[in-house]
Amino acid sequence: MNDTPQPDVVYFNLGRVWTIALNTLVEVTRQKVFYFMIVFALLMIAAANFFSIFTFGEEAQHTLQLKFIKDTGLGAIGIFGAIIAIVATAQLLPAELENHTIYTILAKPVHRSEFLLGKFAGSALLLVISVMFMGALFLSVVFLKERHLAATNHHQTIELAESALANQKDIPPAAKEQILTQARQKADQLVADIHKTAGYSGIVKALVATLVKLLLVAAITLMLSTFATSLVFTVVVSAMLYFAGHLEPVAQRFYAGSQTVAGKLMSAIITWVVPNLAAFDLADDLFAGTPLAWLKVLKIVSYGAFYLLVTLTLAHLFFRQREI
Amino acid sequence: MRRTALLIVLVLALAAAVKAPFEASLAADRPALARSAGVNIKMREQIGQGLSLALLGGFRALVADLLWIAAHGAWEERRWFTMRQDFEAVTMLQPQAMFFWDLASWHLAWNASHAASTDPAEPRLAVRLRNQRLWIQAGRELLERGIANNPDRFELYEKLGWMLKQKIEDPCGAADAALAAVKRCQSWQRDYLQRLAGYWLEECAREKNPARLREAYDYWRDLWRREYSQRPREHWDTIDKNLSKRIQKLEADLAVPESERLFPKPQPSATIPAKS
């Protein structure tokens, strides 16, 4: 009879992942850079209203003004979100190693995969909260601008008809009433058009896609930090991959037409390995007149989920080999 | 270690295998995405290094807006060539934004061409007129490129019609553009576009190409039957009255047989009124 005690098998536990995630969230929200980024982003979104004064052209005035606001808002969320995703995530593992806290955690019955997933989940929570904050302010700015444009255009259209009628004394009252009714209808149509141009559903879709892109950027950064020995390396390479991801469609074309071995090799790496981050930018579709259906947005989200799975699997494979 | 390396290679291979069909499916959903691949050397030269970087960072729309603002500045300072260059870049960046094509071509064909025709620095009338034509042509080319990029949209066809009518004095080309717009328009503007196409077609036939007079009549007749014939005469508005007059005039000019006319002349009464 064998009396030697069998080691307890520790199964993967989501509860532990959640605990690590919450701790990570607290940890990253303590970083001052996060607040700087959030404040800058909020200021830029709020200031988007002022950029709209640069529009010109009478007919498309409201379309352009709303476009400027939407582009600036989505741009601010994209750029500051990416900075938060890279900077906050890149520090997670190095900080644990530097403070030696990772030894205490991994000495307990915690899998490395739980630790890694918890770190990612904490970073993801931060991004979700940030995008929600920025998105709420962004939608408010668009809403206020839409209200303002609708009220101004409605008022101007009717006032124009009334002042034109005031100069025409010999028009019978019935004809006057008809002209005013037509002006009111035109004003209502203009208001409906402005509301349609605001396109809240399209904005929400763009925010969802941006969030998925930021999660992917965070996952890539985390994966790099599992084997990187320096924080600078992780941040720089993550930023480069961010640009490469947006360049991916260009690389695909280059790959198809490249004649040199080096060119073919570089573009092949980007084409076959780097995710196409441009696929998550829905700003162009917002103005194409044919906003994407939710089903197509879901397809983009699944593309992001697929790459998240790939990246986190790679991160796990790298991290389990790492000597700590 | 070797096992992990093998697993990493396997994961990457799996990702690469799934990536291509997934992305092809995404591109099929979004033609705009496929067009966005055109960040080429020409574009980089046009917009400069800083904006190229922003472009590569995925801020395409924002870069287009910044260039639009730059074009605004160039327009205010009457730097027409800079304005044109900025417009070219903006429309290249967001080819699906109708108002960029529309406003940019309008600025070239109307504002820049007018400035060229009244340029105080150029004393020779012939040169001023040539420059004016060149700017109008630049506006037309831009608009036609916009149409080529958005062949299913009606807006730019309508704008091309106005440009041909007002700046190139080609009512026949304008009529064809308006007819193309009607074919593509499903919104509330369709009523207006249908009439616009008719007016220009008739003008084309009367002033430039009499061979199209029958086509103009057939067009008005079909439009009247389809859209206006249901309304009783006592409820006719200005548009109804105008259209009916045009059709009657065309019927007279083409000598359409009475039996085929939409508005036959009233026949004299068969009974002779009794003498009082």
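The values are calculated or read from the model by the stated rules, or taken from the named source; none is laboratory data. From a predicted model like this one, the values you see are computed outputs, not experimental measurements. Every residue, glycine among them, receives a Cβ derived from its backbone with ideal geometry; neighbour counts consider all protein chains shown.
Miscellaneous remarks
- The listed residue being of a type in the set (S, T, N, Q) and more than 12 Å from every other protein chain (Cβ to nearest Cβ), out of A:229, A:271, A:313: A:229
- Test: residue in region A:235-246 that is over 25 Å from residue B:63 (Cβ atoms), in contact (Cβ under 8 Å) with a residue 24 or more places away in the chain and more than 9 Å from every other protein chain (Cβ to nearest Cβ): no
- Pair list, Cβ < 8 Å and 6+ apart or interchain, from region A:38-52 residues that are farther than 23 Å from residue A:28 by Cα and at pLDDT below 80 to residues that are surrounded by 18 or more Cβ atoms within 10 Å (Cβ to Cβ) and small (Gly, Ala, Ser): A:48/A:73; A:48/A:76
- Flag for residue B:139 being crowded, with 17+ Cβ neighbours inside 10 Å, within 23 Å of residue B:107 (Cα to Cα), in contact with a helix residue (DSSP H, G or I) (Cβ under 7 Å, 6 or more places away or on another chain) and not polar (S, T, N, Q): yes
- Per the conditions (1) at pLDDT 85 or above; (2) outside any helix (DSSP H, G or I), the sole criterion not satisfied by residue B:248 is (2).
- Note on region B:65-119: among residues that are among the hydroxyl-bearing types (Ser, Thr, Tyr) and assigned to a helix (DSSP H, G or I), the one that is surrounded by the most Cβ atoms within 10 Å (Cβ to Cβ) is B:105.
- Some residue of region B:143-156 being under 12 Å from the mean Cα position of the chain (by Cα), under 24 Å from residue B:212 (Cα atoms), away from chain A (no Cβ under 14 Å) and of a type outside the set (A, V, I, L, M): no
- Complete set of residues in region B:176-194 that are touching a Leu at 6+ places or on another chain (Cβ under 7 Å) and assigned to a helix (DSSP H, G or I): B:177, B:178, B:181, B:182, B:194
- Within region A:204-219, being among the aliphatic types (A, V, I, L, M) and more than 12 Å from residue A:294 (Cα to Cα) holds for A:207, A:211, A:212, A:214, A:215, A:216, A:217, A:218, A:219.
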